Every structure is written in C-alpha cells, then in structure tokens.
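Undergrad: One structure, pasted below without further comment.
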Amino acid sequence: MAIDTRVNLGGLEMATPLTTASGTFGYGTEYLGAVDYSCLGAATVKGVRMSPWPGNQMPRHVEVPGGLVNAIGLQGPGIDEFLSHYVPLYREKLCGLPMIVNIWGGSIEEYAEVAARLDAAAAAASGAFAVECNVSCPNVKAGGHTFGQDPEVLRCLVGEVRKATRLPLVVKLAPNVPDVRPYVRACEDGGADAISLINTIPAMVIDVEARRPVLANRTGGLSGRAVHPVAVKAVWDAARATSLPILAMGGVYEAKDALEFLLAGATAVAIGTAVFSNPGVVREVHDGIIDYCRRHGFDSVRELKGAMLQ
Amino acid sequence: MIDETTTVASHCEMGAGYRLLVLNAPGMAAETRPGQFVHVKVPTLEASALRRPFSVFDASGQDGTVTVLYKTVGRGTAALNTVKPGDAVQVEGPLGRGFPTECNGTALLVGGGYGVAPLHFLARRLRTKTTLFVGARTASDLLALDRFAALGVETKVATNDGSAGEKGFVTAPLDREIARLRGAGEAFELFTCGPDGLLKAVSERAVSLGVPGWISVDRHMVCGVGACFACIQRTVGGNARCCIDGPVFPAKELIWQ
Ligand SMILES: Cc1cc2nc3c(=O)[nH]c(=O)nc-3n(C[C@H](O)[C@H](O)[C@H](O)COP(=O)(O)OP(=O)(O)OC[C@H]3O[C@@H](n4cnc5c(N)ncnc54)[C@H](O)[C@@H]3O)c2cc1C
Ligand SMILES: Cc1cc2nc3c(=O)[nH]c(=O)nc-3n(C[C@H](O)[C@H](O)[C@H](O)COP(=O)(O)O)c2cc1C
Ligand code: FES
C-alpha cells in the first residue's frame, strides 16, 4: 500500500512533508537537474524585503567541522523584481509546487507591506503560496533578529503581518532564547498559522594567524549537521507549548534526522545546508521516511507527528 | 546542470603540487563549455563537507570525459589526492557562464597559476589565432605548456625570478603584443583567469583600450548554482553571483575595490 505523504502546514497543502530552508535554495529553480523536485511538498525561497538589499561584504561563509558559518546578510532583489521575475520563473519551471516566501524588513510596517504585496500577487498567480516571517536572522543589524528577541514586539509584528495577508503565515524563530514558550505564545496571539525553527545559531570563527575574524561581518550563523540536536530540542519544546503546526529545520542530512523532527512533534521538515554537499539528499530523506513508515506500520506520514513513545 | 556519479579515468601528478584528474562524465562532457566549472564532492572528506569548485581544463563529448587541473592547497584538495582510477566521484556540472568561443581577431589569453586550466579548454575551442601569456613565480610553477603547444598556441612566459621566459610581470610582454597589434591595426580580444591582481590589470587594459575583455573570477563558493549568495563580485549591476552570473564577466561590468 502506498504511504500517504500529504501534510497540512497551517493551511498550506503539501504533497510531502519536505521543503527547503530559506537562503539555501535561491528562488527555487537553481537546483533543477540536481534535486528531485517531485519529493518536495513546497520550496522555501530566499528572504525578500521591500527594496533591493546588497548583503554583507565577502567573505560571507566559512566551513567548520559539521557545518557552515554564514553571514550572507540577506542579499536580495526586493519585492518588485521578486514578483516580476522570480515568481513567474518559478511557476514556469515548477508549476504548482507550493512556494513558501521568506520575508523580512527593517520595521514592522515593512514586514506588513511585503506580506500585503505577496497577498495581492498570490491572488493573481497560479499555485499555492505561504509566507514565512524571518524574525531570527543573526546577520543583519536592523532587520530580523531584533523583532524575534522580545515576545511583545513579536506579537505586535505577527499581528500586523496577519492583518496584511490571508496566506498561510509561518513565523521563523531563533534558537538562542532561554525559553521558546513565550515566543510561541506571541505567535499564537498574533494570529500565526504555523511556526518554523531553527534559524542559524550565532557563531564566530577567528583566523589565529591573521588575528582577525574570518567573516567580513565578524560574526555569522552556524548551520548544518552540528546544529541538529539543538534543533530537535527546540522543536520538542515548541511542540509541547503549542498546537500550531511546526516546520522543523536544522542539520537534516538523512531520513533519520527528519524522522527525529517528526517524532518530536513537527508537521513538516526543511532541508538546508545538506543540499550544498549533496542535492540527492532530498530524495534520500523522502524515500527513507516512506521506508520507515512501512517498517513501523504507519499508513500516513501524519501519524508520525509526536509519535515518540514516552 | 546535473549531479553525476563520475568515475576516475586517470589521476596524475604534473609537478609543482598540481595534478590532472580525468573523470568519466558522459552525462555532462558534451554540454561543457570553456570557462565553465564543476563542483566536486571529495569522496574521502566527511559527507557533510562542502564541494570544491574547479574549472574545466578539458572536456570531450566523444570520450565522455571532463578533466580538471588542480593545485593542492588545503584539506579538500589534499584529500582529493588519494582518489584512484575507478573510484566514484560525485560532480555537479557544467556550472556557470563560460568564455565566448567566437573571437574577433587574435585571442590574447592571460593566465596565472591554475588560471591556465580554463584557458586550455578555451584554446582548444577557439578558431582564431591564439597567444597565451603566462606569469609565474618561478620556472617550476609553469604548467601544461606542452599541452598549449600541442594545440598550436604561441606561448610567452614571464617569471618573477627570471628562471623561465623574461623576468618580471606577464603584463610586460602582453603590453608589447597589444602595442604591436594596435600599430598594425589588427583586432584582438583579451581572456584571463588567475589571481585578482592579474584579473584587475587585464580588465583595466580591456576597458581603457575599448576592446572586449573576458575575465574569469574565482570566489569562495558554497552551492555553486546561484542558491546561496556566498560568491559575490561587485559589478555595475550590483553584487553578482560568480557561480551563476560568472565566473566569466565582461571586463566593463566589473568593479574592483
Ligand atoms: C570557479 C572556480 C574555479 C576554480 N578552478 C580551479 C582550478 O581549475 N584548479 C585549482 O587548483 N583550483 C581552482 N579553484 C580553487 C579551488 O576551488 C580551491 O583551491 C579549493 O576549493 C581549495 O580547497 P581546499 O579544501 O584544498 O582548501 P581549504 O583552504 O582547506 O578550503 C577551505 C574552503 O575554502 C574554499 N577555497 C579555498 N581556496 C579557494 C579558492 N582559491 N577559490 C575558491 N574557494 C576556495 C574551499 O572550497 C573550502 O570551502 C577554483 C575556484 C573557483 C571558485
Ligand atoms: C547560506 C545560508 C543562508 C540563509 N539565509 C536565510 C534567509 O534568508 N532567511 C532565513 O529565514 N533563514 C536563512 N538561513 C537559515 C536556514 O533557512 C536554516 O534555518 C538553517 O540553516 C538551519 O537549517 P540547516 O542546518 O538545514 O541549513 C540561511 C542559512 C544558510 C546556511
Ligand atoms: S556559491 Fe552559492 S550563490 Fe554562488
């Protein structure tokens, strides 16, 4: 019998529980030819704000054991070019695959404005869209992080974005808070449909010979294999604090990693840094989840959610 | 672009810390153009290690092979040293925008270090008269000159210590040839790959003379396909991604710090 892989992420119908992590998958089409897109339930694209943004100076990344420290700094074209160029390209190449659009801004008003533009564009375009609000990027001073570190500010931001769009609204939280519960509650109170976590963990690498930080931005965010156990704990904590569906990410390199997230209470899983070294990871994780369901007698991926034995 | 399971056809030392790695890559060989690169998963590194980008030194649709010429500089290239004929190597390619292979007049190729790698493949595909200018620290750093000779390419060499060719920078013989061609009223274009200092020098000449200049820029990469914005070069159009908007840029689009 075929395993039912469909999930519903806060109103976004996904054919499989898998998506990509924002910032690691461009505007969706870059990996055509290398990634098996039929295994994805959605693609999550790079963060977009109102106006074009140049990002940080080079070097923007450094490889570390078990992952990557990056300080890309949210370079992007701005909402106009995103809607006029990248969305039509995505629909031409990927047809109906749902698109999760990661957004950010320098003010609460900007977040709401971007969301409103997406709302209007989605009504006119074919295919499903969702919004993922990034309030947890460690690499830009003005945007991102500041809004995700104070539950009251977060509630206000989510509330304004909620008013601006009817699209499924996912809020992406930071891992570096002592207790995730007040932030989850702020998302609920603000009217979010789902939460996603984790973003990268603030990190730094120093070139001891040069006695300088390696990254031009000095600090960055750690992703990849090394963050996975941190992410599993964060997802588990969040799942116990809310009934909102969770999109989990952080160091998924094989099916086992995604299964940990599902058992901890996630509804869907994003794959990020692993795609850089192995675009085949998307198919491997997809097939591994189905195989697991068969071996453990689950008819549907949805039954895995929170199915950890006590 | 595909992600192909290639096998090693041969792997040999070239001297000066360089190796030539020939891969059976029938899926991408015929599609690969000069100036494009491949993203190599080094099989003996941990599975999560990033891929390493290498320009294509040669590719043949008939043989189904893709060849890279690489220098051992760090842990990835050191680990790559150990692969043997028959080993499987996962490779994404062909990637990026390469050189044009149509050239108006003489093609002046300017290379330094592993920068000669894409110029070799370019020389094979160009149909016009081609001259190669190579700069190196010392004679033993000069690479694959016999391969260029076999393609009928005239080569002019400059070394910092004068141990081969003329002593000094490669821009000296280049400037003399440019002056000669201009004096004779002959058309030419510039093609280059190598260290940033060389790229900048060649770019400035192309722009000030108003001739086409094709500059292959190397930046540290993560994805290699345009998905992550790690590999930035400043251009007149803003911050471009070297892996997808380049690595070859028209000289007039580049902005140097
Ligand atoms: C488009 C392109 C074409 C290239 N073509 C060639 C070629 O034909 N022959 C050749 O010998 N080398 C080439 N390089 C450079 C080659 O990619 C690096 O030497 C190699 O990645 C070093 O890896 P490592 O692990 O040995 O070094 P490490 O210093 O240990 O590497 C650490 C990290 O830095 C990156 N890195 C280090 N040096 C460079 C560099 N110069 N450029 C880009 N990334 C770097 C590595 O990929 C890795 O992620 C090219 C680079 C680019 C971007
Ligand atoms: C190069 C890079 C760029 C990223 N850019 C963004 C971004 O624009 N917006 C965002 O919300 N998260 C961004 N992230 C974070 C990822 O989406 C993800 O949350 C994190 O990397 C953990 O997942 P992973 O270990 O599977 O990569 C980025 C991560 C990387 C490595
Ligand atoms: S290496 Fe990722 S965009 Fe160029």
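The values are calculated or read from the model by the stated rules, or taken from the named source; none is laboratory data. Being a predicted model, the structure only gives us computed values, none of them experimental. Neighbour counts run over all protein chains shown; Cβ positions are idealised from the backbone, glycine included.
Undergrad: Scanning for something within 15 Å of the chain's Cα centre (by Cα), aromatic (Phe, Trp, Tyr) and either more than 16 Å from ligand 1 (Cβ to nearest atom) or more than 22 Å from residue A:13 (Cα to Cα) (or both), does the stretch A:258-278 turn up at least one residue?
TA: Within the stretch A:258-278, one or more residues are within 15 Å of the chain's Cα centre (by Cα), aromatic (Phe, Trp, Tyr) and either more than 16 Å from ligand 1 (Cβ to nearest atom) or more than 22 Å from residue A:13 (Cα to Cα) (or both).
Undergrad: Can you find a residue in the stretch B:7-25 that is outside the structural domain of residue B:217 (by TED's automatic domain parsing) and within 23 Å of residue A:62 (Cβ to Cβ)? Before you say what the answer is, go through the steps one by one.
TA: As a first pass, look at the stretch B:7-25 and keep what is outside the structural domain of residue B:217 (by TED's automatic domain parsing): B:7-25.
From what's left, within 23 Å of residue A:62 (Cβ to Cβ): none.
No, the stretch B:7-25 has no match at all.
Undergrad: Separate question: So, of the residues in the stretch B:188-227 that are within 14 Å of chain A (Cβ to nearest Cβ) and touching a Phe, Trp or Tyr at 6+ places or on another chain (Cβ under 7 Å), which turns out to be surrounded by the fewest Cβ atoms within 10 Å (Cβ to Cβ)?
TA: Residues of the stretch B:188-227 within 14 Å of chain A (Cβ to nearest Cβ): B:196, B:217-227.
Next, only the ones that are touching a Phe, Trp or Tyr at 6+ places or on another chain (Cβ under 7 Å) stay: B:217, B:222-223, B:225, B:227.
On the way: B:217: 20, B:222: 25, B:223: 29, B:225: 28, B:227: 27.
Among those residues, the one meeting the criterion is B:217.
Undergrad: Please go through the stretch B:39-66 and give me each residue that is among the polar types (S, T, N, Q) and under 25 Å from residue B:97 (Cβ atoms), ordered by number.
TA: Scanning the stretch B:39-66 gives B:55, B:60, B:62, B:65.
Undergrad: Follow-up. Filter the stretch B:199-220 for residues that are within 16 Å of ligand 2 (Cβ to nearest atom) and touching a residue at least 12 places away in the same chain (Cβ under 8 Å) and give the result. Break it down into steps so the answer makes sense when it comes.
TA: Kept after step one, since they are within 16 Å of ligand 2 (Cβ to nearest atom), are these residues of the stretch B:199-220: B:219-220.
Matches in the stretch B:199-220: B:219 only.
Undergrad: Residue A:210: within 16 Å of ligand 3 (Cβ to nearest atom) and out of contact with any Pro (no Cβ under 7 Å at 6 or more places or on another chain), yes or no?
TA: no
Undergrad: Got at least one residue in the stretch B:213-232 being more than 16 Å from ligand 1 (Cβ to nearest atom) and modelled with pLDDT of 95 or more?
TA: If we filter the stretch B:213-232 for residues that are more than 16 Å from ligand 1 (Cβ to nearest atom), which is where we start, we get B:213.
Filter once more, keeping what is modelled with pLDDT of 95 or more: B:213.
The answer is yes; a qualifying residue exists.
Undergrad: I would also like to ask the following. Going through the stretch B:221-240 one residue at a time, which ones are touching a strand residue (DSSP E or B) at 6+ places or on another chain (Cβ under 7 Å) and closer than 15 Å to residue A:61 by Cα?
TA: Selection gives B:221, B:222, B:224, B:226, B:229, B:230, B:231, B:232, B:233.
Undergrad: Filter the stretch B:233-246 for residues that are over 20 Å from residue B:42 (Cβ atoms) and crowded, with 24+ Cβ neighbours inside 10 Å; which is nearest to ligand 3 (Cβ to nearest atom)?
TA: Residues of the stretch B:233-246 that are over 20 Å from residue B:42 (Cβ atoms), as a first pass: B:233-242, B:244-246.
Keeping just the survivors that are crowded, with 24+ Cβ neighbours inside 10 Å gives B:241-242, B:246.
Details: B:241: 4, B:242: 6, B:246: 9 Å.
Result: B:241.
Undergrad: Just one of A:29, A:24, A:19, A:5 is more than 17 Å from the chain's Cα centre (by Cα) and either touching a residue at least 60 places away in the same chain (Cβ under 8 Å) or crowded, with 24+ Cβ neighbours inside 10 Å (or both); which is it? Can you show your working first?
TA: Details: A:29 fails: more than 17 Å from the chain's Cα centre (by Cα); A:24 fails: more than 17 Å from the chain's Cα centre (by Cα); A:19 fails: more than 17 Å from the chain's Cα centre (by Cα).
Every option except A:5 fails the conditions.
Undergrad: Related question: State all residues of the stretch B:40-57 that are more than 14 Å from the chain's Cα centre (by Cα) and part of a strand (DSSP E or B); if no residue qualifies, say none. Show your work before the answer.
TA: Restricting attention to the stretch B:40-57, the residues satisfying the condition of being more than 14 Å from the chain's Cα centre (by Cα) are B:40-52.
Once the filter is applied, which keeps residues that are more than 14 Å from the chain's Cα centre (by Cα) and part of a strand (DSSP E or B), the stretch B:40-57 yields B:40, B:41, B:52.
Undergrad: Another question, if that's okay. Out of A:40, A:74, A:68, report the one residue that is under 16 Å from residue B:241 (Cα atoms) and in contact (Cβ under 8 Å) with a residue 40 or more places away in the chain.
TA: Just a single option satisfies the conditions, and that option is A:74.
Undergrad: Among the residues of the stretch A:23-40 satisfying the criterion of being out of contact with any His (no Cβ under 8 Å at 6 or more places or on another chain) and over 15 Å from residue A:90 (Cα atoms), which is nearest to the other protein chains (Cβ to nearest Cβ)?
TA: A:34
Undergrad: Looking at (1) surrounded by fewer than 19 Cβ atoms within 10 Å (Cβ to Cβ); (2) more than 16 Å from ligand 2 (Cβ to nearest atom); (3) of a type outside the set (Asp, Glu); (4) within 11 Å of chain A (Cβ to nearest Cβ), can you tell me which one residue B:15 breaks?
TA: The number of the failed condition is (4).
Undergrad: Turning to a different aspect of this structure: Scan the stretch A:67-80 and give yes if some residue there is more than 16 Å from ligand 2 (Cβ to nearest atom), at pLDDT 95 or above and surrounded by fewer than 24 Cβ atoms within 10 Å (Cβ to Cβ), otherwise no.
TA: Yes, that holds for at least one residue.
Undergrad: Here is a further query. Do any residues in the stretch B:221-238 that are within 18 Å of residue A:71 (Cα to Cα) and free of Cβ contacts under 8 Å to residues at least 40 places away in the same chain have Cβ atoms under 6 Å from those of residues that are in a strand (DSSP E or B) and within 12 Å of ligand 1 (Cβ to nearest atom), where the two are at least six apart or on different chains, and which pairs are they?
TA: These pairs meet every condition: B:226/B:241; B:230/A:61; B:231/B:241.
Undergrad: Which of the residues spanning the stretch A:240-261 are away from chain B (no Cβ under 14 Å), buried (at least 24 other Cβ atoms within 10 Å of the Cβ) and over 13 Å from residue A:41 (Cβ atoms)?
TA: Within the stretch A:240-261, A:246, A:248, A:249, A:261 meet the criteria.
Undergrad: Let me ask something else. So is residue B:170 farther than 19 Å from residue B:96 by Cα, away from ligand 1 (no atom under 16 Å from the Cβ), within 17 Å of the chain's Cα centre (by Cα) and in the same structural domain as residue B:119 (by TED's automatic domain parsing) or not?
TA: Working: farther than 19 Å from residue B:96 by Cα: yes; away from ligand 1 (no atom under 16 Å from the Cβ): yes; within 17 Å of the chain's Cα centre (by Cα): yes; in the same structural domain as residue B:119 (by TED's automatic domain parsing): yes.
Yes: the conditions hold for residue B:170.
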